[in-house]
Amino acid sequence: MDNRTEVREFLISRRARLSPEQAGVEPTSGRRRVPGLRRDEVSRLAGLSVDYYTRIERGNLTGVSESVLEAVSRALSLDRAERDHLHDLARTANAGTRARTPRAQPPSLRPATQHLLDSITGAAAFVGNNRMDLVAANDLAFALYSEMFRSSARPANHSRFIFLDPRARDFYPDWERAANVNVQILRRDAGRTPFDKELSDLIGELSVRSEEFRTRWGAHDVRRHYSGAKQFRHPVVGLLELTYHVMELEDDPGHTLTVYTAAPGSPSEEGLRLLATWAATERIADIARDPAARPPLPVD
């Protein structure tokens, strides 16, 4: 992904969504050919010359200071995720040759991380990477995402499941929201790790194979994703309403731990208990780890 193009399209998209009334500026005279603020209006809000802001919006963030990035962020009313994304793009623009070399991720997680997952028994817990792969999980998480493991492809991938597998529209009661959030997280991670070839390949694959993905990718929306609520419609236990928490694993670079819990005494808590029983009875974790094992569910 070309950094200048990313910067240009991101800033233009943020400017287009913000009207003069929303920004609190007097509109400049003349007919507007494009929606949202004009460049001169953004430059006034940011306290920059039109020429300097134009240089930035054309994708040149080389040498741009933190204070200027903050001024542009305020002028465009960027939220925290968008502000962080702009700073990530600036770091890429100013990266030296060594920084542009992608850092290889460890071939496997530390044994201690898998032990941590296995010690979590009352919640679904899994480790993922910046490419939306489900790298490791406890038995309950394997059971929760059993639909993702019907395919023999490993590692199972959230993005491919959402956009390329029709089962996902049943699994996620609000598929539109799940699709939006998935792309917004991918866009953020692409800004943080722009030289990850496997991530770029995944984005290219999904852009070619899914119009739904391609449209969302073009919106340049980004999202922080550390806590919240999700719904799943599991084919065995039905509707599950779960709370999630995401933590970055500093000793496993490029990986995050996600834990799903249910409210005490809720139908979803009972659903998780039933799911755990089903997982143990049907050996769900075995087929998830090894698609050559005798499958508890039909495998494509």
*Is one or more of the residues making up segment 120-130 assigned to a helix (DSSP H, G or I), surrounded by 13 or more Cβ atoms within 10 Å (Cβ to Cβ) and at pLDDT 90 or above?*
no
*Looking only at segment 148-170, which residues are more than 15 Å from the chain's Cα centre (by Cα) and surrounded by 21 or more Cβ atoms within 10 Å (Cβ to Cβ)?*
148, 149, 156
*Confirm whether residue 68 is under 22 Å from residue 192 (Cβ atoms), free of Cβ contacts under 8 Å to residues at least 24 places away in the same chain, out of contact with any helix residue (DSSP H, G or I) (no Cβ under 6 Å at 6 or more places or on another chain) and of a type outside the set (Asp, Glu).*
yes
*Could you tell me which of the residues 190, 137, 141 is in contact with a helix residue (DSSP H, G or I) (Cβ under 7 Å, 6 or more places away or on another chain), closer than 26 Å to residue 241 by Cβ and surrounded by 19 or more Cβ atoms within 10 Å (Cβ to Cβ)?*
137
*Members of segment 36-48 found to be over 16 Å from residue 78 (Cβ atoms) and buried (at least 20 other Cβ atoms within 10 Å of the Cβ), listed by number*: none
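This table checks each residue for (1) touching a residue at least 60 places away in the same chain (Cβ under 8 Å); (2) aliphatic (A, V, I, L, M).
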site: 199; (1), (2): yes, yes
site: 216; (1), (2): no, no
site: 229; (1), (2): no, yes
site: 234; (1), (2): yes, no
site: 240; (1), (2): yes, yes
*Check whether at least one residue in segment 24-44 is under 26 Å from residue 201 (Cα atoms) and either at pLDDT below 95 or assigned to a loop (DSSP other than H, G, I, E, B) (or both), and report yes or no.*
no
*asked:* Residues to consider are 178, 156; find the one that is at pLDDT 95 or above, assigned by TED's automatic domain parsing to the domain that holds residue 285 and of a type in the set (A, V, I, L, M, F, W, C).
replied: 178
_For residue 51: the one exception among (1) surrounded by 13 or more Cβ atoms within 10 Å (Cβ to Cβ); (2) in a helix (DSSP H, G or I); (3) at pLDDT 95 or above_ = (1)
*Failed condition for residue 78, given (1) in a loop (DSSP other than H, G, I, E, B); (2) under 18 Å from residue 246 (Cα atoms); (3) at pLDDT 95 or above*: (2)
*Answer with yes or no whether residue 84 is without any contact (Cβ under 8 Å) to a residue 12 or more places away in the chain, out of contact with any His (no Cβ under 6 Å at 6 or more places or on another chain), surrounded by fewer than 20 Cβ atoms within 10 Å (Cβ to Cβ) and not assigned by TED's automatic domain parsing to the domain that holds residue 195.*
no
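The values are calculated or read from the model by the stated rules, or taken from the named source; none is laboratory data. Keep in mind it's a predicted model, so treat the numbers as computed, not measured. Backbone-built Cβ (ideal geometry, glycine too); neighbour counts: all protein chains shown.
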